[in-house]
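These notes concern the structure reproduced below.
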Amino acid sequence: MSPDRARTDLDRAAAASRRTRSYARSGRVYSFVNAAGWAASLLFLGLVDPLGWRIALWLAALVLPLVGVVWWYRRRTATASFPPPRGGPYIYGLGMAFLAGVTAVVGTAAGLHGVLWFWLPAALVSVAPMIVLALTQPRP
């Protein structure tokens, strides 16, 4: 084997290694983007005043990040296969949705619309399950 051929093969192997590591990060990216979208949607729900804008921004904050990350995820040629986290990944999403629902009901029922000191911590606490999922994904 010539030195040029060996150098080319090593470059290809390095590129394949970088590509595989980036595929392994996809679960973390998916979870973080999902958590950020839910947190933003709760903030819009609690802080934006006109009802029409509130609903439009709330839906956009839920749908656009999810559509974007699913589109990005589907373009991946491969994904890393890891054992699912304890309880499966869906338990984290259901926990986040439940906490977000409780936050929305409590904040709306208590008349805390526009009160930042309630909505900001509540948004962060409600997305905690998804952040935990993202942080517990194995590192490549």
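What to note about this one:
- Likely footprinting exposure, 90, 30, 73, fewest C-beta neighbours within 10 Å first: 90, 73, 30
- 18 Å cut-off, amide nitrogen to a point 7 angstrom out along residue 115 Cα→Cβ, residues in the range 28-57: 42-49
- Order of 135, 120 under a 10 Å beta carbon neighbour criterion, fewest first: 135, 120
- Using a Förster distance of 41 Å, the FRET efficiency for residue 105-residue 74 (Cβ separation, nearest 0.05): 0.75
- Convex hull per residue volume in Å³, alpha carbons only, for the range 11-57: 72
- Highest mean packing first, where packing is the average number of other Cβ atoms within 10 Å per residue, the peptides 108-115, 1-8 line up as 108-115, 1-8.
- 3J(HN,Hα) couplings calculated from phi for the range 5-11 with the Karplus curve 6.51 cos²θ - 1.76 cosθ + 1.60 (θ = phi - 60°) are, in sequence order, 5, 5, 5, 5, 5, 5, 5 Hz; Gly and Pro show x.
- Charge-dipole axis of the chain as Lys and Arg at +1 and Asp and Glu at -1 on Cβ define it, positive-most pick from 101, 13, 68: 13
- Highest-fluctuation residue, 17, 41, 26 considered, GNM on the chain with Cα pairs under 10 Å: 17
- Remark: 62, 51 ranked as 51, 62, counting other beta-carbon atoms within 10 Å and listing the fewest first.
Each value in this text was obtained by applying a stated rule to the coordinates, not by laboratory testing. Computed from a predicted model, the values in this text were never measured in an experiment. Here Cβ is always computed from backbone atoms with ideal geometry, including for glycine, and neighbour counts include all displayed protein chains.
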